[in-house]
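Before any comments, here is the structure.
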Amino acid sequence: MSHSEDVEACLPAFAGSFYVAATVAGSRARASVLRTAHGPICCPVFMPVGTQASVKSLAPDELRALDVQIVLANTYHLSMRPGPEVVARLGGLHRFMAWDRPILTDSGGFQIFSLGHLSLLTDDGVLFRSHIDGSRHFLSPERAMEIQEQLGADIIMALDECIPHTADRSYQKLAMERTHAWASRCQRAQRRSDQLLFGIVQGGMEQELRHDSALYLSEMDFPGYGIGGLSVGETKAVTYEMIEACTEVLPEVKPRYLMGVGSPEDLLEGIDRGIDMFDCVLPTRIARNGALFTRTGRLNIRNAANTLADEPIEPDCHCYTCTNFSRAYLRHLFKADELLGLRLASIHNLHFLLDLVRGARQAILDGRFPAYKRDFLGAYRSTDQAVRIAQKERWLAAVRVTSKQGSGSAHGKRVASTQK
Ligand SMILES: [Zn+2]
């Protein structure tokens with residue numbers, strides 16, 4: 001069942017859009033199928049990110065060769081350039097980017113909150129400046145829905161308020177309640193019946209708030225749920241606790257999407273805790289720095305040790321890169337700044353994560369998921385937590401959002417420091 005096109009034929013008839021095919025005793029892991037307007041998706045699934053309606057350096061036929069089932073596109077970037085009206089006039093995102101399989105778009109909120117473009121936040125929505133030309137724009141729940149309907153993805157996300165992991169409890173609660181109110185407005189504003197609208201669980205790093213948020217949104221009966229605001233600088237132990245607080249409450253009969261999380265260990269830990277969908281820029285971003293996934297950890301292809309290495313990145317990897325090229329050739333491409341190096345590295349890294357998640361799905365179906373997870377994690381040396389948090393802190397340093405009125409204020413007005 002590796003090709004989603006083949007899945008429909010094997011499926012028992014089911015009325016809803018989500019079907020759980022197998023579960024695992026002593027775990028929340030499940031193998032499932034999510035039906036969308038552009039075909040079914042076998043879950044758990046990893047979704048490559050095509051920020052600008054393009055998975056960086058790869059063409060759609062290469063994504064199909066990797067058996068990518070669904071890609072994510074960023075509403076913020078596409079609404080700034082070329083604009084949702086342009087995409088709509090050109091037939092929608094599928095036709096525009098020549099991708100006939102499912103697409104998911106985010107709401108656009110995360111980039112506004114995390115990249116420091118925010119000018120003013122009220123209960124109505126967010127006022128922000130374009131990172132391209134500084135022009136002012138307003139994003140409300142209604143506008144987020146309108147833009148995503150123009151883009152035409154199969155799965156669309158409600159607008160949520162994303163906050164730093166260091167925000168205090170009173171602000172976490174305020175942001176969560178605003179997220180709930182916005183989720184309700186998104187539901188009311190939805191016009192297209194061929195798009196699945198997912199609500200997003202927030203609640204910061206507080207188990208009780210995560211629980212409350214999952215419960216509140218469950219009662220709103222969305223066709224699926226995102227879990228937002230995780231892997232933003234907190235420890236992995238906290239990330240996993242928060243996932244559990246959400247998945248123990250979210251309905252079994254709906255897909256659960258852990259937003260922006262995708263290191264190999266996070267994928268397996270997330271699946272074990274009941275996550276069905278993941279997206280992350282990690283495989284393609286680190287590929288462009290010459291960092292390649294292997295079963296034992298990350299490999300830096302630029303290292304001198306690879307100068308004469310005639311073997312592939314991984315001998316038993318079936319990706320196009322590993323079946324054709326040596327580590328030495330890849331190192332040469334990176335040292336010479338050749339574009340092909342970025343492409344071949346991206347292909348391998350995407351294949352690695354897609355294959356890891358496909359393998360997890362098959363292991364769930366075969367009743368051997370605990371051993372699959374144990375074997376992988378036993379051999380894989382994850383990037384040291386201290387290094388990982390330092391990397392994330394540098395990223396957060398670029399987050400220029402500061403609280404003007406202090407956390408917990410009634411209207412949570414926040415102003416980007418660049419505006420001061
Ligand atoms: Zn490979």
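Things worth noting here:
- When 295, 302, 285 are screened for being out of contact with any strand residue (DSSP E or B) (no Cβ under 7 Å at 6 or more places or on another chain), closer than 26 Å to residue 106 by Cα and surrounded by fewer than 22 Cβ atoms within 10 Å (Cβ to Cβ), only 285 passes.
- Helices (runs of 4 or more DSSP H) contained entirely in region 313-370, each with at least 2 residues that are touching a Pro at 6+ places or on another chain (Cβ under 6 Å), within 15 Å of the ligand (Cβ to nearest atom) and in contact (Cβ under 8 Å) with a residue 60 or more places away in the chain: 339-365
- Filter result (within 14 Å of the ligand (Cβ to nearest atom), in contact (Cβ under 8 Å) with a residue 40 or more places away in the chain and not in a loop (DSSP other than H, G, I, E, B)) within region 295-312: 298
- Residue match in region 232-239 (condition: outside any helix (DSSP H, G or I), at positive phi and either modelled with pLDDT under 95 or in contact with a strand residue (DSSP E or B) (Cβ under 8 Å, 6 or more places away or on another chain) (or both)): yes
The values are calculated or read from the model by the stated rules, or taken from the named source; none is laboratory data. Everything numeric in this text was worked out from a predicted model, so none of it was measured. All Cβ positions, glycine included, derive from the backbone under ideal geometry; neighbour counts span all protein chains shown.
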